[in-house]
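A quick write-up on the structure given underneath.
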Amino acid sequence: MLKQFLRRQAQSFAYRLLLRNLPKPYEHVGGYCWRSRLPRSLPKADSTLLLFEDRRYLGPANSRRKHVESIGRGWYRHDDEVIYFSTPDNTDPNTNRREYSYSVSSWLHTRNSGVANNLLHREVTDSAIASDVEYALAGSKYRNVCHEFGIHDLVDKSILELGPGPSCAWALLMACYGASVSVVDPYPATWDASYHPVFLSAFRNAVADLPGTDVSPISDLLEEQDFSEHVICRHEEPVELLEMDGESFDIVFSNAVGEHFFDCTAAFKQLHRVTKTGGWGFHWIDFRDHRDFQTPLEYLSMSDAEFAREFGLRRGEIGNRWRANEMSAVIEQAGFEVVRREPTIQAESTYLEAFIPRLRASGSSRYRDIPAAELQRLGELVVLRKH
Ligand SMILES: C[S@@+](CC[C@H](N)C(=O)[O-])C[C@H]1O[C@@H](n2cnc3c(N)ncnc32)[C@H](O)[C@@H]1O
């Protein structure tokens, strides 16, 4: 108790010392983007400028300006003395009664930051690498599900993976089975010279033992010491704003990404557009409140306004709280046939019994009256087909 109190006091003192008010006026630039002019003495764009709303971090930092405008949700960028920013719930910063501040403290930056998960520094110990390789090999589930649906050969199949994570390992594994692979992520990992060579060497050894693989895509990356475009074609954008040509992909995969879409309707429309006629989609979606998997439905009690702010402040990592049936309905509206919905995670009955009365009592939640049966399903593999 005392420890917590002292920690809060110390944090409050540090913030008072390190945070500066973001200078007004906040001029509207376009869409959800606002502009503030900072003192000329500040470091340049690639610095560690952090932006806060009521002392909570916004981000991701260093976003593309067009994404700040079209997505908002707290994304921002810093170009010399100008900061282009958005608010987490896309409200007007001039009138939403919140305080905006910034800091260029590298100490604060190392403690948290507006950096996207994919860009965080990764551990290079033997055990961390072994566990990353084990996780990477779990990407075999992409190939296994293809087999189940009669796609026995991935050679020359054109595959898109959404949100591939920090090393694109599952996409790379598909390339080792002969597929031509693209990935899309608004925050693609950058090559980390202290991590990727070690991880990829270990991954290559493990993939070499799998029948039917050719590890040359991994060797190519190791040789070039970069995410080479001829091995994996990387698109730096969210699914909702895909710019690639229509009818491009035989198969689209994702794992733990659909729950982070900020606009599911737009995302599945785009996926329908870029999938070839006759093409497939395999999406593992986790419908839990990502703040705490032990209490996986808590976010359903929030009002839309509360949730929109929380979603933005947590950079979408909380999960978009769409329920499995809602997601399935937009997938069909986008034009896909939903071929199969397979449950992967179910809620515990003791948790549901305690949660449902609280949900029913939450006056302002859009989910207040959702049927209990729909709350049970917390994770799903959704299989789609474009006809
Ligand atoms: C929880 S991680 C999953 C990473 C990896 N697929 C895995 O299973 O380990 C979510 C990934 O989705 C990406 N992401 C979030 N929103 C996205 C969007 N709108 N479009 C594409 N990717 C997105 C994130 O940057 C991140 O790489």
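Length available on full extension from residue 17 to residue 244: 0.36 nm per residue minus the Cα-Cα distance, which gives 77.1 nm.
A crude spin-label estimate for the pair residue 117 and residue 345, with each label 7 Å from Cα along the Cβ direction, gives 1.0 nm.
For residue 2 and residue 99, the FRET efficiency from 1/(1 + (r/R0)^6), where r spans their Cβ atoms and R0 equals 30 Å, is about 0.55.
This model, with +1 at the C-beta of Lys and Arg and -1 at the C-beta of Asp and Glu, gives segment 222-333 a dipole about its Cα centre of some 440 debye.
For the residues 366, 321, 35, a GNM of the chain with alpha-carbon springs under 10 Å puts the largest fluctuation on 366.
Overall, the chain carries a charge dipole of about 1820 debye about its Cα centre when +1 sits on the Cβ of Lys and Arg and -1 on the Cβ of Asp and Glu, all other atoms neutral. In this simple spin-label model, placing a label point 7 Å from the Cα along the Cα-to-Cβ direction at both residue 293 and residue 79 gives a separation of 4.1 nm.
With distances taken between every two different alpha-carbon atoms, segment 255-314 has a Kirkwood hydrodynamic radius of 13.5 Å.
Roughly how many debye, to the nearest 20, is the charge dipole of segment 2-115 about its Cα centre, given +1 on each Lys and Arg Cβ, -1 on each Asp and Glu Cβ, and no other charges?
Working: 20 positive and 11 negative charges, 85 e Å.
I would put it at about 420 debye.
With N set to the number of residues, divide the alpha-carbon radius of gyration of segment 284-378 by 2.2 N^0.38 Å and report two decimals. Provide the component values of the computation, followed by the final result.
On the way: Rg = 13.5 Å, N = 95, 2.2 N^0.38 = 12.4 Å.
Dividing the Cα Rg of segment 284-378 by 2.2 N^0.38 Å gives 1.09.
Projection of the Cα convex hull of segment 193-288, averaged over all directions and equal to a quarter of that hull's surface, yields 8.2 nm². Among bridges DSSP assigns within the chain, what percent are antiparallel (round to 5)? Roughly 65 percent of the DSSP beta bridges within the chain come out antiparallel. Mean silhouette area of segment 80-210, derived from the convex hull of its C-alpha atoms and averaged over all directions, reads 12.0 nm². The rule of thumb for compact globular proteins, 2.2 N^0.38 Å, goes into the C-alpha radius of gyration of segment 126-385 1.06 times. Helical runs assigned H by DSSP (4 residues or longer) give the chain a calculated mean residue ellipticity at 222 nm of -10000 deg cm²/dmol, each run adding -39500 (n - 2.57) before division by the residue total. Between the residues 2, 84, 72, the greatest Cα displacement towards the positive end of the dipole of segment 2-115, with unit charges on the Cβ of Lys, Arg, Asp and Glu, is found for 2. When the P(r) is computed for segment 2-115, the part past 20 Å accounts for 37% of the Cα-Cα pairs. Once the Kirkwood radius over Cα pairs is known for segment 142-245, the Stokes-Einstein relation at 20 °C and 1.002 mPa s delivers a diffusion coefficient of 152 µm²/s.
Any read-out appearing in this document is the output of simple, stated calculations on the displayed coordinates, not a laboratory observation. Note that the coordinates shown come from a computational prediction; the quantities given were computed from them, not determined experimentally. When we count neighbours, we look across all protein chains shown, and the Cβ atoms used for this are built from the backbone with ideal geometry, even at glycine.
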